[in-house]
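Nothing in this text is a laboratory measurement; each read-out follows from the coordinates by a stated rule. Being a predicted model, the structure only gives us computed values, none of them experimental. Because the Cβ atoms are built from the backbone with ideal geometry, glycine has one as well, and the counts that use them run over all protein chains shown.
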Amino acid sequence: MIEADAAAATDSDDDYDAERLRLIREVRQRLESLARAGVDLLPRSPERPHVPRSAVAARVVVEPPPAPEPAAPPPAATRPEPAPQPTTTPTTRTRPAPTPAPAAPAAASLFGATEFKSPFIEPADRPAALALLAEEVAGCVRCAELAASRTQTVFADGSPTARLMFIGEAPGADEDRRGVPFIGKAGQLLTDMITKGMGLRREDVYIANILKCRPPENRDPLPHESSNCFPYLERQIEIVRPEYLCLLGRISAGTLLNTALSMGRLRGRWHRVFGIPAIATYHPAYLLRNPAAKKDAWEDLQMLMRAMGLVVPKKKG
Ligand code: URA
């Protein structure tokens, strides 16, 4: 059927044909990838069923997926699915009540499919949706202390259609000054991890933080601050709908996985956040202070790269 369609398409307008063939190829690759992951039935509608927040109490930590390890590097358009199979290990820490945020934090999937409250936003509409949200964030005064002490809010950086989203902790002094996340020393290391390590461009991933305001003296975010800011991050994830998340550091991982487990316990395996496969790894600022942990962080990134179908460079020597 696909071949017949493709053959018929070659008779019409060139641009139309090329686009159609590209789409057919993409759909076929996606279906093959799903089939490899054991999926043989698909729902008719692209919309995901809505699961009320109150229906799920805790985020879950899941065991590592059988991340596909392509024998040969796949073409750039290929998007292999890691299809992590959740074996539930509900974490016990509960999120503190927001003060005075109107919305309670959302819950992650228990069952594996991605779950969002809002409908899918077409890639072409994502920049505008994010710009609108950024405007709302810029006027946020939910945390009186942060609103009074910030130079500006720091919303995000990168592509609104990124496959991969990095989530850090909160802006530091450099970020507060420039309004862009991860541009100080830790940001330079993150950029190197993305570009030199993973072979991606920084502008092709999406980078955000748990908090959009700099905490005074770079202190840890307070629980009510994380709760107040969480709905903004949730919207960012919903709009961008990345295929993978990389949670940087214990604040990011602790907040999104609702856990107090150490990074040593969280790294090196797969989790899900809103059903999105997620890894947790050391924060670049921690790596600057503890260079010996870079080896572990690199292993985490390689696990992510394999799942994403990216080429992992062979070890030298
Ligand atoms: N650390 C973070 O977690 N985020 C930034 O944006 C900068 C440093």
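In summary, helices (runs of 4 or more DSSP H) completely within the range 256-317 and bearing 2 or more residues that are in contact with a Phe, Trp or Tyr (Cβ under 7 Å, 6 or more places away or on another chain) and surrounded by 13 or more Cβ atoms within 10 Å (Cβ to Cβ) occur at 294-308. Of all the residues in the range 182-205, those that are crowded, with 16+ Cβ neighbours inside 10 Å, touching a residue at least 60 places away in the same chain (Cβ under 8 Å) and of a type outside the set (F, W, Y) number 8. The condition of being more than 25 Å from E136 (Cα to Cα) and among the β-branched types (V, I, T) holds for only one of V240, V312, that being V312.
Residues that are within 13 Å of the ligand (Cβ to nearest atom) and among the polar types (S, T, N, Q) are absent from the range 262-271 altogether. Every listed requirement among (1) more than 20 Å from L256 (Cβ to Cβ); (2) within 16 Å of the ligand (Cβ to nearest atom); (3) under 18 Å from the mean Cα position of the chain (by Cα); (4) not small (G, A, S) is met by N290 save one, (3). Taking the range 110-161 as the range and being without any contact (Cβ under 8 Å) to a residue 40 or more places away in the chain and part of a loop (DSSP other than H, G, I, E, B) as the test, the residues that pass are E122, G139, V141, Q152.
Number of residues in the range 279-307 that are of a type outside the set (K, R) and in contact with a helix residue (DSSP H, G or I) (Cβ under 7 Å, 6 or more places away or on another chain) equals 14. Here A208 does not qualify as farther than 19 Å from S159 by Cα, in contact (Cβ under 8 Å) with a residue 24 or more places away in the chain and surrounded by 19 or more Cβ atoms within 10 Å (Cβ to Cβ).
If you go through the range 211-237 and keep only what is farther than 18 Å from A138 by Cβ and surrounded by 20 or more Cβ atoms within 10 Å (Cβ to Cβ), you end up with P221, S226, S227, I237.
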